[in-house]
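Each reported figure results from applying straightforward, stated rules to the coordinates on display, with no laboratory input. Given the structure is predicted, the values throughout are model-derived calculations rather than measurements. Cβ: placed from backbone, ideal geometry, glycine included. Neighbour counts: every protein chain shown.
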Amino acid sequence: MTESKPDRTEMWKAVKWTMILLVALLTAVGVYKAYKIATAPARVVSDAAGSMKSGASAVLNRLQVPISKQRRFDSAANRAFARLNSMESIPAEGVKTRGFRLANFRGAQDRVCELSYDFGAGEVPVYIAADNAAHEAAKAVAANTDRLIRIVVVSPEETLGLNAEFDPLTKHWNLAWRPSSISKPYADSWAEGPITEILSLSAKSCPSEI
């Protein structure tokens, strides 16, 4: 009895499909490597952008001051802004004062109020002003959301800056350290009480045209 010979046609078909699969695999590997090389710059930029965004969020979180008595703070900030926004302009006297306002109170239109406040070691000067220019631009399009108050505390040791800003999404006022004060030696809990009192004081004491 003779053995049956293998089917050469089927054998060549198997070899052919094996070769096709091998070529397809090598092609896929080549395309993937080419893609990796071609998109490397874009991925580097994307990673860098992601890192910057993460870093910016960390900075913002570091600057933000948690408010424990929101209703009280909102009330003080609303009254302070109304008073500061209606202040009469007080022209700066001397180059030093003009430079100080230019660095700390852009948009205030020379409506800068000077107060004094005792943080526990004697009274120190406190300057406060609203960003009236931005608010006027917002009112021109019938909006009342662009409200910002800048506060600068000047002591013999250092100058500290904070911003109180209205958030139209939450309908509340936020408080944050200005970037120049990010390395401040004070805890966030130190800021809320005194700044709320300073806002209340400005609503009563800052000169107004009304």
request  = Assign one of three labels to segment 67-205, namely rounded, prolate or oblate, based on the Cα gyration tensor with a ≥ b ≥ c the square roots of its eigenvalues; rounded applies when a/c is under 1.5, prolate when it is not and a/b is larger than b/c, and oblate otherwise.
outcome  = oblate
remark   = Packing-ranked peptide list from 100-106, 21-27, highest mean Cβ count within 10 angstrom first, is 100-106, 21-27
Under 13 Å, Cβ to Cβ, from Ser202 - net charge with Lys/Arg +1 and Asp/Glu -1 = +3
